Amino acid sequence: MIIGNGLLARAFAPFFAHDAQHLIFASGVSNSLETNAEAFAREKDLLTSALAQNKTTIYFSTCSVYDPKLTESPYVRHKIEMEQLVLNAGAMTVFRLPQVVGRTNNPYTLTNYLYQQISSRLPFKIWRHARRNLIDVQDVSSIATDLLRHQHTADQIINIASPLSTSIQDLVRIFENTLDIQALCEVLESGASYDIEATIAMDAANRLGIYFDHTYVNNLIRKYYA
């Protein structure tokens, strides 16, 4: 069973749309800059109703909890609260995700924002020291499905992420090369990077033949934006 109809919901549909045991909760606040309390309350109410169905529920949280600059943001605080709500329900799983890339109309994703600004030749600002971890939504669904089918994941928080993070400057350069357009960006002396421990997910990726090498992000951007 799947709740939601967005990027993650579509990616998990081939595996879980008709699964009576698992409930994939892929609906809720999608903007990491959200501050509206009503938006957070709507997700909490929907998640509470989902947990009441007594299915093995899978909730998607964020690796931004590791970002020292975001730990007190309303979005991260909300996600941590939802994680505890899920884990307190028993026999549930939380997958923390980084920047997930795929075909979506959501304007708030990092890659959609960069694509829009660069392709429209609009000016924007980036942080010199910021790094982000990018992963294909198809790889997320494959890795998560492997873990749910073949490994004990209940009552756990598991990171599904790439072992490599990319600087925002390098990501802009990849978009410039992909689109053959020079970005109108100003680089600010700000930003931070953080590590994401993803050993469990990498073991599954190796079993599935998913490899995160130095070409991964370049191929990922070309796949969805060329």
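In straight-distance terms, cross-link reach from residue 223 covers every one of the lysines whose alpha-carbon lies under 27 Å from its own, apart from those fewer than eight places away in the same chain; here that gives 125.
Rg of the Cα atoms in segment 89-137, relative to 2.2 N^0.38 Å, amounts to 1.52. Restricting attention to segment 1-118, close to 0% of DSSP beta bridges with both partner residues there are antiparallel.
Each of the chymotrypsin sites (Phe, Trp or Tyr not before Pro) that DSSP puts in a loop and that has at most 13 other Cβ atoms within 10 Å breaks the chain; the longest unbroken stretch is 1-107.
Ignoring aspartates and glutamates fewer than eight residues from residue 44 along the same chain, the ones with Cα atoms less than 13 angstrom from its Cα are 81, 83. Proximity of backbone amide H atoms, modeled 1.01 Å from N, is registered between residue 2 and 24 at under 5 Å, excluding neighbours fewer than 5 places apart on the same chain. When the P(r) is computed for segment 1-157, the part past 28 Å accounts for 20% of the Cα-Cα pairs.
Across the chain, the mean sequence separation of Cα contacts (distance under 8 Å, 6 or more residues apart), normalised by length, yields a relative contact order of 20 percent.
Surface composition of the chain: carbon plus sulfur atoms contribute 48% of the solvent-accessible area (1.4 Å probe, protein chains only, all chains present).
Beta bridges assigned by DSSP with both partners in the chain are antiparallel in approximately 10 percent of cases.
The label-point distance for residue 224 and residue 103, in a model that sets each label 7 Å from Cα toward Cβ, rounds to 1.2 nm. Think of a 1.4 Å ball rolled over the protein heavy atoms: the chain then has 50 Å² of accessible area per residue. The amide H of residue 159, built 1.01 Å from its N in the peptide plane, has 96 as neighbours under 5 Å, considering only residues 5 or more places off or on other chains. By the helix-only formula, in which each DSSP H run with n ≥ 4 contributes -39500 (n - 2.57) and the sum is divided by residues, the chain has a 222 nm mean residue ellipticity of -13000 deg cm²/dmol. Stokes-Einstein diffusion for segment 120-226 at 20 °C, viscosity 1.002 mPa s, with a Kirkwood radius from C-alpha pairs, works out to 138 µm²/s.
The values are calculated or read from the model by the stated rules, or taken from the named source; none is laboratory data. All values derive from a computational prediction rather than experimental measurement. Note that each Cβ is placed from the backbone with ideal geometry, even for glycine, and that neighbours are counted across all protein chains shown. Areas reflect the complete protein model, heavy atoms only, side chains present, ligands, DNA and RNA absent. Shrake-Rupley method; radii C 1.70, N 1.55, O 1.52, S 1.80 Å.
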